[in-house]
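One structure is given below, encoded as structure tokens.
The values are calculated or read from the model by the stated rules, or taken from the named source; none is laboratory data. Treat the numbers as computed from the prediction; the structure is a model and nothing was measured. Please note: Cβ atoms are built from the backbone with ideal geometry, for glycine as well, and neighbour counts cover all protein chains shown.
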Amino acid sequence: MTTATRAKNRAPGPKGAPLLGSLGPWKRNTAEFLLGLQRDYGEIVRMQLGPFTVHQVTEPEAVRRVLVENNGNYVRGPLYEQFRVVMGKGLLTTDGEFWRGHRRAVQPVFLKNAVADIIPNLVQATNEMLEGWERKAAAGEPVDLMTDMLKLTLVTLSRSLFAYDINPSTALLKTIVDDVVEVMFRRGVPSEMLPSWVPTERKRKITRIHRAFDRVVADVRRQYAQTGEGPLIGLMEQAADPETGRPWTAQQIKDELLTVYLAGHETTAVALCWTLLSVAHHPHVQEELDAEIATVLGGAPPDAATAESLTYTKMVVDESLRMHPPIWIFPRAAVEPDELGGYDVDAGDSILLSPLVSHHNPRHWDNPLAFDPYRFTPQAVKERPRMAYLPFGSGPRQCVGNFMALLELRVIVAMINQRFRLSRVPGDSLQYGSPVISLRPVKDVMVTVRARERGTAVPAARPAAHPAGSAAPLSCPHTGS
Ligand code: HEM
């Protein structure tokens, strides 16, 4: 019997309300709602979100089918189209030959061997930040961790890829990022139904964002024309359209530049924030990290060789990306009908991949709310289905910046722990914000920083037994505990 003649086999899922489907619980607490779907219905769940039929897919083989095996059938879809108001037609928002040509053009600077070149910039920018922390530690002032991480990743990205010293207190920071999130997601409100010439708050914000970005893009390009420096802007200026052979237009360069700035700095900053907080919250992890940093770095900043040897630090980062994946959901839309895990998917249906939900699937992660870096020993990784872990996505659309992000995380986490102890300001509760793009803490994260005395003795040996992770409040912010 063909799919056309047999009854469709629909995945289980919530019934939802008439017309709205499950929009109510989705809006109330999206993370909790999606985790509950996996718990109550399984690894392929069908739901209605207003007019959209959506399948949440966390079963590893089905995830592989969407992202790898049959990836040509699954395009970006309506959510990514919303990103276009800011990012235009860049790597994140396009498909097919256009995307392929652009990916090929920028890929060389993101290869594993190439990203090691960013280490000197990374070390310099981190040292600059830590000098400010020395002063704050001496004065007993707290540090706004998220803001500092956003600055650090923005400065590093800009210097490393564009040889451009961006002023982190202007243009792209916090308010702009918040505006970007808002204009990309606030559609369908009554003021947006007005004729296009009527000014609205959203349109004013879009204009403001573009004005700020236009200045940055113009500066980056002018500086490249003068100096010829900046590996990524160099590739973009020399790239040619594969069909016409013509150089990229100014608009294409702007869109890609903006995509990289936006996709590259906030995600890494969020990951840094969660990793540092997780370390501060788990003394046995802190101890083991200290021991590795002392042994491998011995007080010096990381370089290409030593950064590679920070294997426990890498496991800590991997575990943090499991527990708190910054890109916690991402969508696709089916072009043709398909079958996922035995269930039918119709053309036009949306697919929701959720690193957060996949990473908390008890079938692949024992005690998923516990923070335990030993889940990432080479042996443990080999024994798990690959698609149970996807902080950077997978397949041809896997994050182009994944090696860069992992290197940044390892180097910055090591340098901060080499010199400081962090602790959260008492009484400051930590929860996920309403996560739209990245899984950020709900509000500013204030930490006190304490400078470690140089030469402080640190325990050399790691605990003999595999330390059981602890499920502490930090481990479970999405459920609000
Ligand atoms: C911890 C940090 C990061 C995380 C968790 C992350 C996560 C992701 C994920 C999950 C995707 C795939 C989305 C999908 O398939 O729909 C993605 C794509 C992308 N990321 Fe990242 N990312 C990070 C850092 C970076 C950095 C440092 C850069 C660049 C400097 C970057 C640039 C991009 C771009 C351009 C894409 C689109 C790639 C394409 O479709 O060809 N990301 N990222």
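Key figures for this structure:
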{"quantity": "Test result for ASN167, at pLDDT 90 or above and polar (S, T, N, Q)", "calculated": "no"}
{"quantity": "Hits in the range 58-72 (condition: buried (at least 18 other Cβ atoms within 10 Å of the Cβ) and out of contact with any helix residue (DSSP H, G or I) (no Cβ under 6 Å at 6 or more places or on another chain))", "calculated": "GLU59, ALA62, ARG65, VAL66"}
{"quantity": "Residues of the range 278-305 satisfying the condition of being crowded, with 22+ Cβ neighbours inside 10 Å and either of a type in the set (A, V, I, L, M, F, W, C) or in contact with a Lys or Arg (Cβ under 7 Å, 6 or more places away or on another chain) (or both)", "calculated": "VAL279, VAL285, GLU288, LEU289, ILE293"}
{"quantity": "ALA137 over 29 Å from TRP248 (Cα atoms), crowded, with 21+ Cβ neighbours inside 10 Å and in contact (Cβ under 8 Å) with a residue 12 or more places away in the chain", "calculated": "no"}
{"quantity": "Tabulated pairs, the range 24-37, first under 19 Å from VAL57 (Cβ atoms) and in contact (Cβ under 8 Å) with a residue 40 or more places away in the chain, second among the aliphatic types (A, V, I, L, M) and buried (at least 19 other Cβ atoms within 10 Å of the Cβ), C-beta under 6 angstrom, 6+ apart or interchain", "calculated": "LEU34/VAL357; LEU35/VAL357; LEU37/VAL45"}
{"quantity": "Selection within the range 367-389 - over 22 Å from LEU277 (Cα atoms) and surrounded by fewer than 21 Cβ atoms within 10 Å (Cβ to Cβ)", "calculated": "PRO378, GLN379, ALA380, VAL381, LYS382, GLU383, ARG384, PRO385, ARG386, ALA388"}
{"quantity": "Search result, residues across the range 60-106 that are over 19 Å from ARG246 (Cβ atoms), near the ligand (Cβ under 9 Å from one of its atoms) and assigned to a helix (DSSP H, G or I)", "calculated": "LEU67, TYR80"}
{"quantity": "Unmet requirement for VAL270, which otherwise passes all of (1) crowded, with 22+ Cβ neighbours inside 10 Å; (2) out of contact with any strand residue (DSSP E or B) (no Cβ under 6 Å at 6 or more places or on another chain)", "calculated": "(2)"}
{"quantity": "Residue, surrounded by the most Cβ atoms within 10 Å (Cβ to Cβ), within the range 233-267, restricted to residues that are in a loop (DSSP other than H, G, I, E, B) and in contact with an Asp or Glu (Cβ under 8 Å, 6 or more places away or on another chain)", "calculated": "TRP248"}
{"quantity": "Pairs with Cβ under 9 Å, 6+ apart, first in the range 263-277 and in contact (Cβ under 8 Å) with a residue 24 or more places away in the chain and on the phi < 0 side of the Ramachandran plot, second within 8 Å of the ligand (Cβ to nearest atom) and among the acidic types (Asp, Glu)", "calculated": "THR268/GLU408; ALA271/GLU408; LEU272/GLU408"}
{"quantity": "Hey, GLY401 at pLDDT 95 or above, within 16 Å of the ligand (Cβ to nearest atom), surrounded by fewer than 19 Cβ atoms within 10 Å (Cβ to Cβ) and not acidic (Asp, Glu) or not", "calculated": "no"}
{"quantity": "All positions within the range 4-62 that are of a type in the set (A, V, I, L, M, F, W, C) and on the phi > 0 side of the Ramachandran plot", "calculated": "LEU19"}
{"quantity": "Failed criterion for GLY230 (all others in (1) within 23 Å of ARG84 (Cβ to Cβ); (2) crowded, with 20+ Cβ neighbours inside 10 Å; (3) of a type outside the set (A, V, I, L, M, F, W, C) hold)", "calculated": "(1)"}
{"quantity": "Members of the range 332-360 that are assigned to a strand (DSSP E or B) and more than 14 Å from the chain's Cα centre (by Cα)", "calculated": "ARG332, ALA333, ALA334, ASP338, GLU339, LEU340, TYR343, ASP344, VAL345, SER350, ILE351, LEU352"}
{"quantity": "Matching entry among GLU336, GLU308, GLU319 (being of a type in the set (D, E, K, R) and within 16 Å of the ligand (Cβ to nearest atom))", "calculated": "GLU319"}
{"quantity": "Residue in the range 301-311 that is in contact (Cβ under 8 Å) with a residue 24 or more places away in the chain and under 23 Å from the mean Cα position of the chain (by Cα) present", "calculated": "yes"}
{"quantity": "Of the criteria (1) over 23 Å from the mean Cα position of the chain (by Cα); (2) in a helix (DSSP H, G or I); (3) at pLDDT below 90; (4) among the charged types (D, E, K, R), which one ASP178 fails", "calculated": "(1)"}
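Residue-wise test of (1) modelled with pLDDT of 95 or more; (2) away from the ligand (no atom under 16 Å from the Cβ); (3) among the aromatic types (Phe, Trp, Tyr).
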{"site": "GLN226", "(1), (2), (3)": "yes, yes, no"}
{"site": "LEU257", "(1), (2), (3)": "no, no, no"}
{"site": "VAL260", "(1), (2), (3)": "no, no, no"}
{"site": "HIS265", "(1), (2), (3)": "no, no, no"}
{"site": "SER278", "(1), (2), (3)": "no, no, no"}
{"site": "PRO283", "(1), (2), (3)": "no, yes, no"}
